[in-house]
1. Exactly one of these conditions fails for Leu90: (1) under 30 Å from Glu169 (Cβ atoms); (2) at pLDDT 95 or above; (3) hydrophobic (A, V, I, L, M, F, W, C); (4) open to solvent by 50 Å² or more (accessible area, probe 1.4 Å). Give me its number.
2. Considering (1) within 12 Å of the ligand (Cβ to nearest atom); (2) closer than 20 Å to Ser16 by Cβ; (3) surrounded by 15 or more Cβ atoms within 10 Å (Cβ to Cβ); (4) not aliphatic (A, V, I, L, M), say which one Gly117 fails and leave the rest.
3. Quick check, is His49 within 12 Å of the ligand (Cβ to nearest atom) and open to solvent by 30 Å² or more (accessible area, probe 1.4 Å)?
4. Just give me the residues in the stretch 53-78 being among the hydrophobic types (A, V, I, L, M, F, W, C) and open to solvent by 80 Å² or more (accessible area, probe 1.4 Å), in sequence order.
5. Does Ala102 satisfy the criteria of being open to solvent by 10 Å² or more (accessible area, probe 1.4 Å), within 23 Å of Gln157 (Cα to Cα), among the small types (Gly, Ala, Ser) and more than 13 Å from the ligand (Cβ to nearest atom)?
6. Return the total of residues in the stretch 13-41 being within 15 Å of the ligand (Cβ to nearest atom) and either out of contact with any Pro (no Cβ under 7 Å at 6 or more places or on another chain) or open to solvent by 10 Å² or more (accessible area, probe 1.4 Å) (or both).
Amino acid sequence: MKMQVNIAVFASGSGSNALKIIEYFKEKPEIAAVRLLVANKPDIGAIAHARQQGIPHIVVENKELREAPQVLLEQLRAHGINFIALAGFLAKVPDVVTAAFAGRLVNIHPALLPLYGGKGMYGVHVHSAVLADGRKQSGITVHQVNEVYDDGEILHQASVNLSDDETVESLQKRIQTLEHYWYPRIIERTITSLQA
Ligand code: GRF
């Protein structure tokens, strides 16, 4: 029998990807459902989206993530979570969680890893670095998460060609469009392959 897949989405910001994932799986309850939003700070857009969508949320601040990581693991278990999608989560996921969810923990990065990954490479910093280097292409990477930042197995990449007048803002918008399309679909593909 297929196991019910209960997703937790982890976010630190506006949560536009979190919302897309929630909406996508509302249309596909036979595949999975988002059951929890995990935020590392209160009052963020992602929590507002979760509320509107009727998804419970918890806030686990960075200090607690570092000093009592077991608490998060227990909360995930209490909500029956068996798959995690990081969507703009800017804190380090505790190793106990990474280990417990090996193969069931994915992230999206707004560049073509291994380029422009690692610590400090998030949001507009990524796009600024890509443009400063005069790159002709950028894109997105969906990957498994392990203990090292942006280092897990790559599950999918999609790219865009940069125009001569590309700006950080225009690139950010184009990357976000790719993310919103691909991330829910690659999560679905990963879940389906786990069950094959
Ligand atoms: C996305 O660009 C994602 O790739 C990165 O953080 C951003 C989150 O954006 N990891 P949002 O909060 O989902 O709008």
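1. (2)
2. Failing condition for Gly117: (2).
3. Yes: the conditions hold for His49.
4. Ala78
5. On the way: open to solvent by 10 Å² or more (accessible area, probe 1.4 Å): yes; within 23 Å of Gln157 (Cα to Cα): yes; among the small types (Gly, Ala, Ser): yes; more than 13 Å from the ligand (Cβ to nearest atom): yes.
Considered against the rule, which asks whether it is open to solvent by 10 Å² or more (accessible area, probe 1.4 Å), within 23 Å of Gln157 (Cα to Cα), among the small types (Gly, Ala, Ser) and more than 13 Å from the ligand (Cβ to nearest atom), Ala102 comes out as yes.
6. So the answer is 17.
Residues are listed down the side, and each one gets a yes or a no for (1) modelled with pLDDT of 95 or more; (2) within 19 Å of Gly15 (Cβ to Cβ):
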position	(1), (2)
Leu72	yes, yes
Ile84	yes, yes
Pro94	yes, no
Leu105	yes, yes
Ile108	yes, yes
Lys119	no, no
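The values are calculated or read from the model by the stated rules, or taken from the named source; none is laboratory data. From a predicted model like this one, the values you see are computed outputs, not experimental measurements. Cβ: placed from backbone, ideal geometry, glycine included. Neighbour counts: every protein chain shown. For the accessible areas, the whole protein counts, side chains as well, though only heavy atoms, and no ligand, DNA or RNA atoms are used. Shrake-Rupley method; radii C 1.70, N 1.55, O 1.52, S 1.80 Å.
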